[in-house]
Amino acid sequence: MSLVKYESPIREPLVDGKKTYHDVTEDICRTIEAKPTRLWYIGFFISLALLMFGVYSVYREVVYGIGQWNVNRTINWGWDITNFVWWVGIGHAGTLISAILLLFRQGWRTGVNRAAEAMTIFAVMCAGQFPIFHMGRVWMAFFTLPYPNTRGPLWPNYNSPLLWDVFAISTYFTVSLLFWYSGLLPDLATVRDRAKTKFRKHFYGIAAYGWTGSTKHWQRHESLSLVLAGLSTPLVLSVHTIVSFDFATSVIPGWHTTIFPPYFVAGAIFSGFAMVQTLMLISRKVMNLQDYITLGHIEAMNKVIVLTGSIVGVAYLTELFMAWYSQVPYEQDIFFKYRIAGAYGWSYWLMMSCNVISPQLFWFRKLRRNVLFTFIMSIVVNVGMWFERFVIIVTSLYRDYLPSSWSIYYRPSIWEIGFYVGTFGLFFTCYFLFSKYFPVIAIAEIKHVLKTTGESYKDDMKPLDKKTTEEFYEETHHH
Amino acid sequence: MAVKKFVVGCFDDEKVLFPAVSKVRKAGYKIHDIYTPFPVHGLDHAMGLRETSLHTAGFIFGLTGTTTAVSFMTWSFTKDWPVNVGGKPNFALPAWIPITFELTVLMAAVGMVLTFCYLCQLAPFIKKHHFHARATDDLFVMVIECTAKTNEAEVKEFLNKVGASEVNTQIADDGWWVGRYDRNEKLYRDEQVIA
């Protein structure tokens, strides 16, 4: 029976340790039911402090105006839009993991999808702050919506990429939230039914919406997840495409290129996976989830990182080639005088080395499976991706068509930095609360794949050893 | 709210559950529902449930989004207040693709989730009777509804025979009510007969 018992040398189990269904519940609910650790409190309060600093920075911006930042008439986007694009990019991995990998039937997504989706939602929350406060008069932000107003009614310009952004980001946030929460319902019900304290019973009772686990409900739930995945797949690609349109539809040298949509989407997946790695490597260690987020999961994500990092690299080189090939003097000046050289040349080379050169080390299997190396790389990648947006925005703007409006060297003010730091505070405050009070791993989905991809699936193969091929054939082809 | 009598059989393994479902159905008992901790593929077919048409609802919601976006933008830009921006066309369909797409996705997703919640009767503060607390952990809980003609003892014995690890009778409400999970509303009586 060696044929039937064939064990794939490539596919390792997705769930290590011989787990039963109950073990899975126990392992994942343990942190929810235990008291928060000292480490959790420290992390949570640091995040909260950063958030408070951010709130104060934003307060200053709202009260005194954009002048609180060092952006000027030439570099009018500066750190603010850099941070926006950076956070939106990070917010792409969650939906990519849960939607695109669901459609591609990638079993390993079950270990990381729930936390990655949560990360997506928090990252999009952070991203949304930047364009809203960049408006200056933030209390007028609702002017972007097409509502019957007393000014005519005057409608927003549907032909403007900035308005597309409003629709794209808000749709993306809503759909991700619905996808995440509908997936959470069964797991919250698991926590509710195990709850011992009155508060927990009440809280998870509300949160789980009265989920019972009825077969008909599961059938609808499966249909819902599949269709939401199908909707989110083009959605996630459209969002960063539309963000890239903010640049690509303008006539600024260095922005006005057709390569932007695929280049931005690849970059978004690249930085999103890096952020998932950063969070997952800490979570699996602190919460003892090594059996669910295995080295196999980490390796799979590193493969995505090296692929998308290489796509981004090709895009950088294509941009340089096209600038030379186009023979447009403005385009050539931006790339060869002010981007790879000039006052901001250092940021270009930082971007190149972080995004293109260093991820190539992931071609080595040993490094892909090295936890410490992956952790360092995940941070390096996100530093690089921040500088990518900085390079695109600042180097294209600080020397424009009119030498009279060339800007001096741009340095952000403390309140500009404070705003960015504050979004870190928001992101990690949300993530700390999520990882403490919600199941970070999709319990039901792990149970669903447990018998086929868990380590215990090998036990099911044992009785087959004793059978002859004829017996096995009789049994399986009987019906 | 209809209070009914149910015979509840718990199974440890889906491998035991599947043959049990077909045996129970062959014997002519009415399966009220089976509660499982995760989606068990094929169980809906084994129980004879029809396919859900939730995805069709999603398609219709999506189409509504597309129509809303295109017609609203057309009306407001060509009829209500046509603005001349450098002589560009007011009816600029290619430039409207992003918003049309986003609204399609938004309406399909929101509509589907609301339909899902409505069909499954899911909302905050909704409380339902749970036949077994471990149905969301590791048990597959088969619930058989007793009619006037049902011989309760016979059903229990039958469930034991087909491999249920735990069998009992419960008188419960099969609907939902507004309530809290930290309070015992006493809308039903539990009758543990055979452990």
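The values are calculated or read from the model by the stated rules, or taken from the named source; none is laboratory data. Quantities reported herein were computed from a predicted structural model and do not represent experimental measurements. FYI the Cβ positions are ideal-geometry reconstructions off the backbone, even for glycines, and counts take in every protein chain you see.
Here the condition is being at the interface with chain A (Cβ under 10 Å from one of its Cβ atoms), in contact with a strand residue (DSSP E or B) (Cβ under 7 Å, 6 or more places away or on another chain) and crowded, with 16+ Cβ neighbours inside 10 Å; of B:Ala164, B:Ala135, it holds for B:Ala135 alone. In the range A:118-152, the qualifying residues are those that are part of a helix (DSSP H, G or I) and over 25 Å from the mean Cα position of the chain (by Cα), and the one that is nearest to the other protein chains (Cβ to nearest Cβ) is A:Thr144. Among the residues of this structure, A:Ser250 counts as one that is of a type outside the set (Val, Ile, Thr), in a loop (DSSP other than H, G, I, E, B) and free of Cβ contacts under 8 Å to residues at least 60 places away in the same chain. None of B:Phe61, B:Phe77 is at the interface with chain A (Cβ under 9 Å from one of its Cβ atoms), of a type outside the set (Gly, Ala, Ser), in contact with a helix residue (DSSP H, G or I) (Cβ under 9 Å, 6 or more places away or on another chain) and in a helix (DSSP H, G or I) except B:Phe77.
What is the one condition in (1) at pLDDT 95 or above; (2) within 7 Å of chain A (Cβ to nearest Cβ) that B:Leu114 does not satisfy? In the conditions (1) at pLDDT 95 or above; (2) within 7 Å of chain A (Cβ to nearest Cβ), B:Leu114 misses (2) alone.
Residue-by-condition table, conditions (1) outside any loop (DSSP other than H, G, I, E, B); (2) aromatic (Phe, Trp, Tyr); (3) under 25 Å from B:Arg180 (Cα atoms):
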| position | (1), (2), (3) |
| --- | --- |
| B:Met112 | yes, no, no |
| B:Thr115 | yes, no, yes |
| B:Pro124 | no, no, yes |
| B:Ala135 | yes, no, yes |
| B:Met142 | yes, no, yes |
| B:Thr147 | no, no, no |
| B:Thr150 | no, no, no |
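Determine which single condition A:Leu48 fails, assuming it passes every other condition in (1) more than 18 Å from A:Cys430 (Cα to Cα); (2) at pLDDT 90 or above; (3) more than 14 Å from chain B (Cβ to nearest Cβ). (1) is the only condition that A:Leu48 fails. Here the range B:93-102 is the region considered, the condition is being hydrophobic (A, V, I, L, M, F, W, C) and facing chain A (nearest Cβ under 7 Å), and the residue that is farthest from B:Phe59 (Cα to Cα) is B:Ala95.
Tell me yes or no: at least one residue of the range A:354-364 is closer than 30 Å to A:Leu51 by Cβ and of a type in the set (Phe, Trp, Tyr).
No, every residue in the range A:354-364 fails to be closer than 30 Å to A:Leu51 by Cβ and of a type in the set (Phe, Trp, Tyr).
Taken together, the criteria place B:Asn90 among residues that are surrounded by fewer than 20 Cβ atoms within 10 Å (Cβ to Cβ), more than 7 Å from chain A (Cβ to nearest Cβ) and in contact with a Pro (Cβ under 7 Å, 6 or more places away or on another chain). Among the residues of the range B:128-166, those that are among the small types (Gly, Ala, Ser) and free of Cβ contacts under 8 Å to residues at least 12 places away in the same chain comprise B:Ala133, B:Ala148, B:Ala153. Does A:Ile75 satisfy the condition of being buried (at least 16 other Cβ atoms within 10 Å of the Cβ) and either under 22 Å from the mean Cα position of the chain (by Cα) or among the aliphatic types (A, V, I, L, M) (or both)? In short, yes. Among the residues of the range A:157-169, those that are at the interface with another protein chain (Cβ under 9 Å from one of its Cβ atoms) and either more than 26 Å from the chain's Cα centre (by Cα) or closer than 19 Å to B:Lys88 by Cβ (or both) comprise A:Asn157, A:Tyr158, A:Asn159, A:Ser160, A:Pro161, A:Leu163, A:Trp164. Name the residues in the range A:170-199 that are among the β-branched types (Val, Ile, Thr), without any contact (Cβ under 8 Å) to a residue 40 or more places away in the chain and within 8 Å of chain B (Cβ to nearest Cβ), would you? Scanning the range A:170-199 gives a single hit, A:Thr174. Restricting attention to the range B:28-58 and to residues that are touching a residue at least 60 places away in the same chain (Cβ under 8 Å) and either part of a helix (DSSP H, G or I) or aliphatic (A, V, I, L, M) (or both), the residue that is surrounded by the most Cβ atoms within 10 Å (Cβ to Cβ) turns out to be B:Ile34. When the residues of the range A:148-169 are filtered to those that are touching a residue at least 40 places away in the same chain (Cβ under 8 Å) and surrounded by fewer than 23 Cβ atoms within 10 Å (Cβ to Cβ), the one that is nearest to A:Gly111 (Cα to Cα) is A:Ile169. Within the range A:200-234, the set of residues being more than 7 Å from chain B (Cβ to nearest Cβ) and under 20 Å from A:Ile32 (Cβ atoms) comprises A:Arg200, A:Phe203, A:Tyr204, A:Ala207, A:Ala208.
Close Cβ contacts (under 6 Å, 6 or more residues apart or on different chains) running from residues in the range A:394-411 that are under 17 Å from A:Ile340 (Cα atoms) to residues that are charged (D, E, K, R) comprise A:Thr395/A:Arg339. Go through (1) out of contact with any helix residue (DSSP H, G or I) (no Cβ under 6 Å at 6 or more places or on another chain); (2) within 14 Å of chain B (Cβ to nearest Cβ); (3) assigned to a helix (DSSP H, G or I) one by one and return the number of the condition A:Thr95 breaks. The number of the failed condition is (1).
Among the residues of the range B:47-57, is there at least one that is at pLDDT below 90 and either within 9 Å of chain A (Cβ to nearest Cβ) or touching an Asp or Glu at 6+ places or on another chain (Cβ under 8 Å) (or both)? The answer is no; no qualifying residue exists. In the range A:298-347, how many residues are among the aliphatic types (A, V, I, L, M) and assigned to a loop (DSSP other than H, G, I, E, B)? Adding up the residues that qualify gives 4.
For the range A:73-82, the count of residues that are acidic (Asp, Glu) and out of contact with any His (no Cβ under 7 Å at 6 or more places or on another chain) is zero.
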